[in-house]
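Asks: Take this structure first; my questions come after.
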Amino acid sequence: MSSLVSAEARASGRVVGSWRAAWFRVEGHWAWYRRYWRSTLYSTGLQPVLFLVALGVGFGSQVKAGTATGGLSYLHYIAPTLLVSAAAQNAVGESTYPVLSGFKWQKDYLAVTATPITPGQLLGGHFLWVALRLSMVGAVYALIALAFGAWLNAGVVLVVLVGVVTGLACAAPVTALAATTFDEGTRFNALFRFVLMPMTLFSGTFFPITQIPSALRWLAWVSPLWHGNELARGATLGGLGPLPALGHLAFLAALLAVGVVLSRRYYYRRLVV
């Protein structure tokens with residue numbers, strides 16, 4: 001991990017600012033990533049691309065454009081939501097075992113907060129790194145999907161941003177959950193199986209939620225992924241008005257804010273002795 005405090009700060013006796021302290025944590029993640037980026041190729045871009053090829057190109061060739069797809073090909077219909085789904089999955093992955101490891105196994109969180117860096121700044125570094133990872137995931141997927149003709153316009157740039165925001169909205173409450181985990185992380189298995197996977201399947205990623213029975217449709221409405229999917233399709237396919245877009249953004253912002261507040265509280269509770 002790179003130096004936590006710059007030579008200038010050490011010489012002057014001044015503590016670095018909050019943003020710079022958080023960025024030191026990002027540098028630590030980046031130092032690891034430069035050595036082991038090959039091990040993340042599947043999650044970074046290959047997984048959503050395989051879904052795009054299998055469903056958008058393969059299965060999609062058997063799906064006729066109709067009312068359910070807004071008159072578009074199935075490839076164009078699912079291309080933006082696969083990006084958002086990949087962002088959500090990567091965000092949750094980065095906020096479960098890696099966070100628990102910082103507290104329990106590698107205990108690098110304890111080492112970092114033994115310096116002038118505070119738990120809040122450490123948490124800020126975590127979210128900055130997650131945002132950077134999601135940006136890389138989205139950019140890699142968007143470029144590869146371009147070769148398949150998956151994008152109709154330059155709205156894909158906004159889709160990448162939507163993926164980052166949606167991923168952070170998923171990451172924040174999960175980070176709070178990880179900060180309150182003291183066992184081996186067995187609760188994460190339930191999170192992946194009974195929350196993340198159903199959320200991916202039934203939040204409008206592959207078909208409109210109008211196909212879900214009305215009694216169960218509220219489960220999609222409370223899913224951050226559904227709000228991200230609606231924003232992503234609106235950004236590149238159109239059909240989403242300003243007020244609904246603001247509503248989706250407000251939901252994601254509220255979830256992110258609550259998650260950040262809880263995470264910060266639990267980080268301080270666990271790291272300040």
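Asks: Ordered by residue, what ³J(HN,Hα) values in Hz, to whole numbers, does the range 145-153 give under the Karplus form 6.51 cos²θ - 1.76 cosθ + 1.60, where θ = phi - 60° and Gly and Pro are x?
Replies: For the range 145-153, the Karplus curve yields 5, 4, 5, 8, x, 7, 10, 8, 7 Hz.
Asks: Right, something else. Can you order the peptides 137-144, 228-235 by their average number of other Cβ atoms within 10 Å per residue, highest first?
Replies: On the way: 137-144: 20.5, 228-235: 25.9.
Output ranking for 137-144, 228-235: 228-235, 137-144.
Asks: Could I ask something else about it? Can you work out ³J(HN,Hα) from phi for every residue in the range 22-37, in order, using Karplus 6.51 cos²θ - 1.76 cosθ + 1.60 and θ = phi - 60°, giving whole Hz and x for Gly and Pro?
Replies: 5, 5, 4, 5, 4, 4, x, 4, 5, 4, 5, 5, 4, 8, 10, 4
Asks: Stick to the Cα atoms of the chain, pair each with every other, and give me the Kirkwood hydrodynamic radius in Å at one decimal. Walk me through the numbers before you get to the answer.
Replies: Working: mean 1/r = 0.0510 Å⁻¹.
Result for the chain, one decimal place: 19.6 Å.
Asks: Here's a follow-up. With charges set only on the Cβ (+1 for Lys and Arg, -1 for Asp and Glu), what does the dipole of the chain come to about its Cα centre, in debye to the nearest 20? Walk me through the numbers on the way to the answer.
Replies: Working: 19 positive and 7 negative charges, 97 e Å.
The dipole of the chain has a size of about 460 debye.
Asks: Related question: By per-residue mean of other Cβ atoms within 10 Å, what is the highest-first order of 153-163, 66-76?
Replies: Ranked from most to least packed, the peptides come out as 153-163, 66-76.
Asks: If each residue's Cβ is checked for other Cβ atoms within 10 Å, how do Leu50, Leu225, Leu132 rank with the fewest at the top?
Replies: So the ranking, lowest neighbour count to highest, is Leu50, Leu132, Leu225.
Asks: In the range 44-271, with Lys and Arg counted as +1 and Asp and Glu as -1 at Cβ, which of these residues, Ala142, Gly241, Tyr77, has the Cα nearest the positive end of the dipole, that is, farthest along it?
Replies: Ranked along the dipole, the leading option is Gly241.
Asks: Explain nothing, just the number: relative contact order of the chain, from Cα pairs under 8 Å at least 6 residues apart, as a whole percent.
Replies: Averaging sequence separation for qualifying contacts and normalising by length gives 25 percent for the chain.
Asks: Roughly what would the spin-label model give for Leu246 and Val57, points 7 Å off Cα along C-beta, in nm?
Replies: So the two model labels end up 4.2 nm from each other.
Readers should treat all values here as calculations from the given coordinates under stated rules, not as data from a laboratory. The shown structure was predicted, so the numbers you read here are calculated from the model rather than taken from an experiment. Cβ: placed from backbone, ideal geometry, glycine included. Neighbour counts: every protein chain shown.
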